[in-house]
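These notes are about the structure you will find just below.
The values are calculated or read from the model by the stated rules, or taken from the named source; none is laboratory data. Everything numeric here is computed off the predicted structure, so don't read it as measured data. Glycine gets a Cβ as well: all are built from the backbone with ideal geometry, and neighbour counts include every protein chain shown.
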């Protein structure tokens, strides 16, 4: 599957909003997504095919040297093809260069997502009881810390371990 990763722009918003409705029980609206275009602390990336169809997207908010990954979502017909990993990889490389850590929450029952985050060097650091609704489920808090230049940005392995 061929795709490119580009910054989110207005043209992506209707497709991202549809993807939000497909993937999440509390989806972001088009208005919420559009607000992020003007948020200087936000970076939203889109994986799109040659025809401009949104295959997936991810969002990041940065405050000082801390990064929070909002959503990572991929269309059901594009899953298992590296789209989410490619999106996450961009933020991991950015984090390696600029941040102390990245953090996120993931549904405790979302094993594929948890495995993806573990593959990228995130560690489970906490749990939020009943964080999600529809259905009610705990959130696993996952964090990837950076030592600025001492680990591989994709896997999180220390340079001495490579």
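Points worth noting:
- Flag not set for residue 53, criterion: out of contact with any helix residue (DSSP H, G or I) (no Cβ under 6 Å at 6 or more places or on another chain), buried (at least 16 other Cβ atoms within 10 Å of the Cβ) and under 22 Å from residue 8 (Cα atoms).
- Answer residue from the stretch 63-78, given it is touching a helix residue (DSSP H, G or I) at 6+ places or on another chain (Cβ under 8 Å) and surrounded by 14 or more Cβ atoms within 10 Å (Cβ to Cβ) and is modelled with the lowest pLDDT among those: 71
- Selection within the stretch 22-34 - assigned to a helix (DSSP H, G or I), surrounded by 12 or more Cβ atoms within 10 Å (Cβ to Cβ) and free of Cβ contacts under 8 Å to residues at least 24 places away in the same chain: 30, 32
- Of the residues making up the stretch 87-128, those that are free of Cβ contacts under 8 Å to residues at least 40 places away in the same chain and part of a strand (DSSP E or B) are 104, 105, 106, 107, 123, 124, 125, 126, 127, 128.
- Boolean, residue 18 is touching a helix residue (DSSP H, G or I) at 6+ places or on another chain (Cβ under 9 Å), surrounded by 12 or more Cβ atoms within 10 Å (Cβ to Cβ) and not in a loop (DSSP other than H, G, I, E, B): no
- Filter result (in a strand (DSSP E or B) and either surrounded by 13 or more Cβ atoms within 10 Å (Cβ to Cβ) or in contact with a helix residue (DSSP H, G or I) (Cβ under 7 Å, 6 or more places away or on another chain) (or both)) within the stretch 129-148: 131, 132, 137, 138, 139, 140, 141, 142, 143, 144, 145
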